[in-house]
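Notes follow the structure.
Any read-out appearing in this document is the output of simple, stated calculations on the displayed coordinates, not a laboratory observation. Everything quoted here is computed from the prediction, not taken from an experiment. A quick note on method: Cβ atoms are made from the backbone with ideal geometry, for glycine too, and the neighbour counts reach across all protein chains shown.
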Amino acid sequence: MPTSKLLTEHDRILRQASTLAGLARARMTPDVAAEARAAILGLDRLLVDHLTAEDAWLYPLLMTSTDAAIRSFATACFEEMGGLHGAWDAYRDLWTASAILHSPTRFGLATNGVIGALAMRVERENTELYPLVDDISLLPAEAVHAA
């Protein structure tokens, strides 16, 4: 999987996350709560497949590199950021339109937390992990994975 596709997905994910963050800061009404829920579901459609692909392909590729420094770095990153998928699922399931409307302050705090974690993961992947994957993909196949 080319990292260019993942980078494009990151752009779409961040745009949708920005929309959600704006709604979380808005004065909460039934209409805004419904829009926020729709934004959550829109982000979910973008995010779940993306995180699944990264967790199943990107991190294992780096964590099985013949380079010990790459293996160590990728493992540390995954341990730090790999829980985002589960955290997102819990957030998505909790924040229905009704829950948003009834607890707008908690919704805002939860939204800031999950979007902050997402933004941190995207930044780290864009600047550190994807370049490693691009470098590894230039190597012969037998040099990529440890025996």
| field | Test item: Cα-centred dipole of region 40-80, Lys/Arg +1 and Asp/Glu -1 on Cβ, debye | value | 80 debye
| request: Only Cα pairs under 8 Å and at least 6 apart count here; give the relative contact order of the chain as a rounded whole percent. | output: 34 percent
| request: Return one number: the angle in degrees, 0 to 90 and rounded to the nearest 10, between the long axis of the Cα atoms of helix 84-94 and the longest principal axis of the Cα atoms of the chain. | output: 20 degrees
| message | Given Cβ point charges of +1 (Lys, Arg) and -1 (Asp, Glu) and nothing else, what value in debye, to the nearest 20, does the dipole of region 1-121 about its Cα centre take? | response | 380 debye
| task | Can you tell me the 0 to 90 degree angle between the C-alpha axis of helix 68-81 and the longest principal axis of the chain, rounded to 10? | result | 10 degrees
| field | GNM result for the chain, Cα springs below 10 Å: residue of 133, 32, 122 fluctuating most strongly | value | 32
| message | Given Cα positions, please report Rg to Rh for region 82-128, the hydrodynamic radius being the Kirkwood one. | response | 1.07
| note | One checks the Cα atoms of region 2-147 and finds Rg and Dmax, in Å, of 17.5, 58
| message | Over region 1-63, what is the relative contact order in percent, taking alpha-carbon pairs closer than 8 angstrom and at least six residues apart? | response | 37 percent
| task | Specify the angular offset, from 0 to 90 degrees and rounded to the nearest 10, of the alpha carbon long axis of helix 30-53 from the longest principal axis of the alpha carbons in the chain. | result | 10 degrees
| message | Over the chain, with a Gaussian network built from C-alpha contacts below 10 Å, which listed residue (13, 70, 40) shows the highest mean-square fluctuation? | response | 70
| remark: Dividing the mean separation of Cα pairs under 8 Å (6+ apart) by the residue count of region 48-132 yields a relative contact order in percent of 28 percent
